[in-house]
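A short write-up of the structure that comes next.
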Amino acid sequence: MKARLVLRFPPLLVDQPVVYKLIKDYNLVFNILRADITPDSEGLMVLEIEGDENDFKQGLEYLEKRGVKVQPLSQDVVMIEELCTHCGACVVHCPTGALYYDEERRVLFASEKCVACEICVEICPYRAMEVRLE
Ligand code: SF4
Ligand code: SF4
């Protein structure tokens, strides 16, 4: 089986070879679609993982036991521009820089950088960020 997953690592795990164990112990192969890893803060990775169903299940159980939050990347996040007030609340929390200021301090959305973590959806006070299912 194959799936695109968002992995969020607590700060203590960021410098440990947790993902490498997926290859070594669970025979999984993966492509890293996106990675934002900074020492001493939460890490985020978007992986496309492929492998035997049983190995896949056990690999994900291993990640969750180590404290990695795993969620499927199965949706798109969109900005409803007419609802956005450019308050900037989402910009500091977006882990990938998909929400950013232009020169006039208007908040723009670069969808190609978005990993659909949904942080902005939870944070936006005006409901200007929305999940659209595929
Ligand atoms: S939090 Fe919402 S309203 Fe504020 S800048 Fe972001 S998308 Fe726009
Ligand atoms: S869902 Fe929102 S916070 Fe997460 S990466 Fe996309 S734009 Fe940034």
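The values are calculated or read from the model by the stated rules, or taken from the named source; none is laboratory data. As the structure is a computational prediction, the values presented were derived from the model and not from experiment. Cβ sites come from the backbone with ideal geometry, for glycine too, and all protein chains shown count toward neighbours. Heads up: the accessible areas ignore ligands, DNA and RNA and are worked out on the full protein's heavy atoms, side chains in. Shrake-Rupley method; radii C 1.70, N 1.55, O 1.52, S 1.80 Å.
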Calculated P(r) of the chain - Cα pairs past 17 Å, %: 61
Treating the angle as unsigned and between 0 and 90°, give the value, to the nearest 10°, between the Cα long axis of helix 53-65 and the longest Cα principal axis of the chain. 70
Sum of -39500 (n - 2.57) over DSSP H runs of 4+, divided by residues of the chain (222 nm, nearest 500): -5000 deg cm²/dmol
Rg/Rh (Cα only; Kirkwood hydrodynamic radius) as it applies to the range 2-72: 0.93
To check my understanding: the extent here is largest minus smallest coordinate of the Cα atoms along each principal axis. What are those three numbers for the range 75-133, in Å, largest first? 31, 21, 16
Per residue, accessible area of the chain with a 1.4 Å probe, heavy atoms of protein chains only, in Å², comes to 61
Work out the length of the dipole vector of the chain about its Cα centre, built from +1 on the beta-carbon of each Lys and Arg and -1 on the beta-carbon of each Asp and Glu, and round it to the nearest 20 debye. 280
What residue among Val46, Val18, Val115 shows peak mean-square fluctuation when the chain is described by a Gaussian network model with Cα springs under 10 Å? Val18
Accessible area of the range 75-133 with a 1.4 Å probe: how many percent of it is carbon plus sulfur? 48
Partnerless cysteines, meaning none of the other Cys C-beta atoms lie under 4.7 Å away, in the chain: Cys84, Cys87, Cys94, Cys114, Cys117, Cys124
Could you check how much of the accessible area of the range 2-72 is carbon and sulfur, as a whole percent, using a 1.4 Å probe? 49
